[in-house]
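What follows is a set of notes on a single structure, which appears directly below.
The values are calculated or read from the model by the stated rules, or taken from the named source; none is laboratory data. Please read all numbers here as calculations on a predicted model, not as lab measurements. Each accessible area value is taken on the protein alone, full model and side chains, heavy atoms only, with ligands, DNA and RNA left out. Shrake-Rupley method; radii C 1.70, N 1.55, O 1.52, S 1.80 Å.
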Amino acid sequence: MKKRATNLLMTGVMGSAMAGMLVAGVAAASHDDGLEQAPAKKPIAAQAGDTTANGTQKAGAAPKAKDKKDKKKVLYSGTTTASYFWDDGSGVNGDTGMPASGKPMQKGLFASPSWPLNTKVKVTYDGRSAVGFIGDRGPGEPSHRGVMLDLDTYTFRHLVDGGKPKSDYNTGTDQGHLKGVKYEVLKWGKGDGVKGKPKPFGDGS
């Protein structure tokens with residue numbers, strides 16, 4: 001009888017201990033499930049320009065920035081002889097009135113016998129360049145002799161020697177024409193005129 005009581009007592013103690021361990025385990029498990037897991041660390045992105053041995057970009061490498069200095073597309077180019085003018089409606093030097101485009105005479109306003117008005121053009125001569133737009137018609141009869149661009153006085157003088165004209169009407173040099181001026185059409189205008197090879201004044205413009 002005493003042996004049986006001892007066994008029962010031991011069984012009860014062990015049972016209680018096991019129950020306590022089970023409860024503690026459940027509590028611990030419940031506590032762990034309630035924690036927010038730290039986010040997994042993301043791999044460090046490769047630096048821009050990182051490449052593999054064969055020259056291709058490594059996975060995760062930042063894309064290279066596009067070159068913002070892309071050259072503007074040239075739509076049409078060639079060379080011609082250029083003259084100069086300054087038509088502001090004053091009648092000085094036989095000027096024919098305000099420019100055909102309706103825009104006032106200004107630095108960077110060129111005349112073409114046939115190109116669409118407001119066409120954007122870059123001109124280059126002897127290492128110097130300038131950008132302007134076709135704002136008038138000209139140079140009249142000289143265009144039949146191959147003079148296909150009439151430049152404003154300031155642009156003409158700049159191409160000659162980088163200087164400034166004596167006045168709006170006087171370049172300050174003894175040169176009236178520049179042979180071999182390179183022109184590059186950067187954007188065709190939407191005004192009246194014909195794209196492509198320049199045509200003499202009054203000839204289909």
Margin query: In 10 Å bins starting at zero, report the fraction of Cα pairs in region 130-183 per bin as a rounded %.
Written below: 22, 56, 22
Checklist line | region 62-204: radius of gyration over Cα atoms, expressed as a fraction of 2.2 N^0.38 Å | finding: 1.08
Next item on the list: Work out, step by step, the length gained on full extension between Gln175 and Tyr76: first 0.36 nm times the residue separation, then minus their alpha carbon distance; give nm to one decimal.
Entry: 32.9 nm
Item checked: Per residue, in Å², the accessible surface of region 122-164 once ligands and nucleic acids are set aside, probe 1.4 Å -> 40
Notebook entry, point to check: Relative contact order (percent) for region 72-205, with alpha-carbon contacts under 8 angstrom and 6 or more residues of separation?
Noted result: 38
